[in-house]
Every structure is written in C-alpha cells, then in structure tokens.
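One structure below.
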Amino acid sequence: GGTPSLQSAEQMARVLDACRQAFDFQPRELTLEANPGTLSAEQLVGLRAAGFNRLSLGVQGFEAALLARLQRIHSPQEVELACSWARQAGFDNLSLDLIYGLPGQSTAGWRDTLQRALQLNPQHLSCYQLTVEPNTHLEVQLRRGELELPSESTLEKMEHILRRDLKQAGFQRYEVSNWSQPGFHSRHNLWYWKDRPYLGLGCGSTGFIQGWRIRRLLHPHAYQQALARGASPIAVAERRDAEGALRDHLMMGLRTRWGVNLASLR
C-alpha cells in the first residue's frame, strides 16, 4: 500500500525476501499498489520477477483537467502506457481505481472514463464516489465557492451508468465500491471485509490481531528511531469490545454481496 512504486524493484524484492524469511509466506495473490506516473517498463519486469502477480493502479480518471484538479502527477496517456508495460511484464491481474462525483465532472465524462478503462481490459475495478476530506486543498476550494460538486441527481445518473456499463462488460459487483471479472475478487480486501485478522507492517500501517486494532507510527524518521532504540513502533493499540465487534461485523458484512454470516456474528 501507499505508493511502493516509488521504490525500486530491487528494494521491493528485499521486502518480500524478508517476509519469506519471517513467515510461512506462500501467497496466491501478491498485490502492489502503484501510481501510473511513477512506473517504468524495466521496473515492472523486475517487480513481476520478484513475485508480485497483481497490480493496482491509482488511475482516478481519464480527463486531464480533472486529474490536475486532484493534483495527480500522471496523464491519461501514462495510464495506458503503464497498463501496456504491465501486460508485457507478465501481469495478468490488473486493477484500476476510479473516482466519480468530481467537481466539474459530467455524466458524459464519467461514461467516457469507464469506457477508456474497460478498453484496457482490467480484471478488477474499484470505483469510489468522491469523499472530500476536511482541511484539504479541495475542501478549501469548495468552501470558498471556487469549485462545485455535481448535484445529487447527477451522482445518481453516474451510479446508474456505472452499474449498467460494468454489468454489460461482464463485471460483478461484489462490494459497494468493487467490481471484478469472475474469479478476480481482491483476496486481501475480502479478508478485511470478512473481519479476519491481518498484520500491518511499516510506517502508518494498521493491523487487526487477536481482537486488537493496531496502528504504527506514521513518520518514517520516528519509525526508524523507535526501532534503533529497541522501542515498539506501535502508535495506538485498542482492544475491540463486544459492541465494537458487533458493529464492525455488521458494517463490513453489509458492504459485500454475501452479506452478514449469522453464525460468525453470534
């Protein structure tokens, strides 16, 4: 997670080697998140050779003006190039992240974005409605009236276009924001939504182990300093109580097409 594509393929290979040495590590799916503007053909060949077999690209959109508004560093052409390089490197499981409901986005623009994404033949699509985080540059622009979000009726039309076009293309909606071709569900995301334990390693990572929610130090220097002096890099650890377990299990189960497992809930 994060933007590991900023690292070299050799650095990422060392991370995987460390995991293999420390754990019983034989994953069926090994996903790397990547920014299309930080990839090269040579790097992708090295990442595939290291063992990564699934690539998740933070595309967000195919309208240059909207990408600039989101302060993304890549162009639509770089997305297409990154996908081509990934296929040549041997990645046969490709996921694209898209956002709709952006300021200035029209239903026609969103339909074009979906069609351009589908032309790249991805196995998986994550399609998120924009969430405006407080105190971000975008939130300030909206508050000042410099930008305006699409109306609720426009968002409903975008959602309709999303459902119609992806179903026609053979995709199945298996979670609120996630669609895949048959057999290409995101394994690690399904693990979270099933409320299973997972280990988070590295700066700012989160984990859920034996009923504890754990968040590690965010800043790299603080993280390194803690390790250097033999201290724990854990920033926050919270024990989940029964009410929290009930809430989490319901919330995550209701996000998926399989719903809530009542036996597991009990």
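The values are calculated or read from the model by the stated rules, or taken from the named source; none is laboratory data. The shown structure was predicted, so the numbers you read here are calculated from the model rather than taken from an experiment. Positions of Cβ are backbone-derived with ideal geometry, glycine not excepted, and every protein chain shown enters the neighbour counts. These accessible areas exclude ligands, DNA and RNA; they are computed on the full protein's heavy atoms, side chains included. Shrake-Rupley method; radii C 1.70, N 1.55, O 1.52, S 1.80 Å.
Note on the range 49-112: Kirkwood hydrodynamic radius from all Cα pairs is 12.9 Å, rounded to one decimal. Highest mobility in the GNM of the chain, judged by mean-square fluctuation with C-alpha springs under 10 Å and restricted to Pro76, Pro36, Pro182, is found for Pro182. Taking a sphere under 9 Å around the Cβ of Gly58 and counting the other residues whose Cβ falls inside, with K and R at +1 and D and E at -1, yields a net charge of -1. As a fraction of the 1.4 Å probe accessible area of the range 1-157, surface on carbon and sulfur atoms comes out at 46 percent. Using C-alpha pairs below 8 Å separated by at least 6 residues, the relative contact order for the chain is 12 percent.
Averaged over its residues, the range 1-118 has an accessible area of 46 Å² per residue, based on protein heavy atoms and a 1.4 Å probe. Using only side-chain charges placed at the Cβ, +1 for Lys and Arg and -1 for Asp and Glu, the dipole size of the range 1-92 relative to its Cα centre rounds to 80 debye.
Restricting to DSSP loop positions (anything but H, G, I, E, B) with no more than 14 other Cβ atoms inside 10 Å of their own Cβ, which chymotrypsin sites (Phe, Trp or Tyr not before Pro) remain in the range 180-266?
Numbers: sites: Phe184, Trp191, Tyr192, Trp193, Tyr198, Phe208, Trp212, Tyr223, Trp258; in loops: Phe184, Trp258.
Listed in order of number, the matching sites are Trp258.
Over the range 156-218, the fraction of Cα-Cα pairs per 10 Å bin, rounded to whole percents and listed from the shortest bin up, is 18, 34, 25, 20, 2. Remark: the Arg196-Arg20 segment gains 61.2 nm on full extension, using 0.36 nm per residue and subtracting the alpha carbon distance.
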